[in-house]
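Contents: one structure, followed by commentary.
The values are calculated or read from the model by the stated rules, or taken from the named source; none is laboratory data. Note that the coordinates shown come from a computational prediction; the quantities given were computed from them, not determined experimentally. Using ideal geometry, Cβ is built from the backbone for each residue, glycine included, and neighbour counts are taken over all protein chains shown.
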Amino acid sequence: MVTQTEVPFPIGQGDVTVTTKRNRQVHIRHLIPKDVEILVEFFYHLSPETRRLRFISIPPKPPRELIKREAIRLAALDPLRQAALIGTIQEDGCERAVGVSRLASKAEEPETAEFAIVIRDDFQKEGLGTVLFDLLLQIALVRGLKRMVGLTLAENHGIHRLVRQAGLPVTSQTSRGETTLTISLSDSANS
């Protein structure tokens, strides 16, 4: 069994450039603390519907300071428990985020990690979500995790489809409009 101190999540190591279905280049790398402003701008480039589907309960017009505090928190990763990937493009002479995926192991269940993913609206349905999710799966497998768990709105068909297309055993439980998706990684290691 892998313990928390034996194999930390890789932070700041490795990157890849992928081509989307619409032939656009996206650079994927690990999220770093300097990415706070990129995350803030990314949030404000998401449609209200994408925000609702990803963050479930967020005010329609949250104050920028609240978003910045959350971006600071999300960019300060604990390498023993968390990993985050960011997909970026060059736009108007600046690096802009078009997708973010996260993985955070649970302290009370070290073999389980929560996952989350969000893609900017104008890059949805181009395969970027699949690439970011596949990279999260690879990180989870390297870590020796047994399960990945995601909480989403029951109506978020995109994430449900994305998870099921990974080809791993998935269970779902829906209550009060929210669905918990549990992906079994231990079964895939035995295949």
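ARG24 meets each of the listed conditions (1) at pLDDT 90 or above; (2) within 21 Å of GLY144 (Cα to Cα) apart from (2). Scanning the stretch 106-115 for residues that are crowded, with 22+ Cβ neighbours inside 10 Å and free of Cβ contacts under 8 Å to residues at least 24 places away in the same chain yields a count of 0.
Would you mind finding the one in LEU168, LEU135 that is of a type outside the set (Val, Ile, Thr) and touching a Leu at 6+ places or on another chain (Cβ under 6 Å)?
LEU135
Would you list the strands (runs of 3 or more DSSP E) that sit entirely within the stretch 29-125 and hold 2 or more residues that are among the hydrophobic types (A, V, I, L, M, F, W, C) and farther than 24 Å from GLY144 by Cα?
Values: elements: 82-91, 94-105, 112-119.
Filter on the stretch 29-125 gives 94-105, 112-119.
Counting residues in the stretch 116-133 that are within 20 Å of PHE42 (Cβ to Cβ), surrounded by 15 or more Cβ atoms within 10 Å (Cβ to Cβ) and hydroxyl-bearing (Ser, Thr, Tyr) gives one or more.
Could you tell me whether VAL131 is of a type outside the set (D, E, K, R), farther than 18 Å from GLU114 by Cβ and outside any strand (DSSP E or B)? Talk me through it step by step, then tell me what you get.
Numbers: of a type outside the set (D, E, K, R): yes; farther than 18 Å from GLU114 by Cβ: yes; outside any strand (DSSP E or B): yes.
For VAL131, the condition - of a type outside the set (D, E, K, R), farther than 18 Å from GLU114 by Cβ and outside any strand (DSSP E or B) - is met.
Of the residues making up the stretch 129-158, those that are in contact (Cβ under 8 Å) with a residue 60 or more places away in the chain and in contact with a strand residue (DSSP E or B) (Cβ under 7 Å, 6 or more places away or on another chain) are VAL131, LEU132, LEU135, ILE139, LEU151, THR152, LEU153.
Scanning the stretch 52-105 for residues being crowded, with 18+ Cβ neighbours inside 10 Å and of a type in the set (D, E, K, R) gives a total of 2.
Restricting attention to the stretch 38-51, the residues being surrounded by 15 or more Cβ atoms within 10 Å (Cβ to Cβ) and in contact with a helix residue (DSSP H, G or I) (Cβ under 7 Å, 6 or more places away or on another chain) number 5. Would you be able to say whether some residue in the stretch 107-118 is at pLDDT 90 or above, closer than 18 Å to LEU53 by Cα, touching a Ser or Thr at 6+ places or on another chain (Cβ under 7 Å) and acidic (Asp, Glu)? No - not one qualifying residue is present in the stretch 107-118.
Go through GLU155, GLU178, GLU126, GLU114 for me and flag whichever is farther than 19 Å from ILE56 by Cβ and charged (D, E, K, R). Give the steps one after another, and end with the answer.
On the way: GLU155 fails: farther than 19 Å from ILE56 by Cβ; GLU178 fails: farther than 19 Å from ILE56 by Cβ; GLU114 fails: farther than 19 Å from ILE56 by Cβ.
The match here is GLU126.
List the pairs whose first member sits in the stretch 21-42 and is in contact (Cβ under 8 Å) with a residue 60 or more places away in the chain and on the phi > 0 side of the Ramachandran plot, whose second member is exposed (fewer than 13 other Cβ atoms within 10 Å of the Cβ) and outside any helix (DSSP H, G or I), and whose Cβ atoms are under 9 Å apart, counting only residues at least 6 apart or on separate chains? Between residues of the stretch 21-42 that are in contact (Cβ under 8 Å) with a residue 60 or more places away in the chain and on the phi > 0 side of the Ramachandran plot and residues that are exposed (fewer than 13 other Cβ atoms within 10 Å of the Cβ) and outside any helix (DSSP H, G or I), there is no close pair. Of all the residues in the stretch 158-184, those that are part of a helix (DSSP H, G or I) and either over 24 Å from ILE28 (Cβ atoms) or aromatic (Phe, Trp, Tyr) (or both) number 0.
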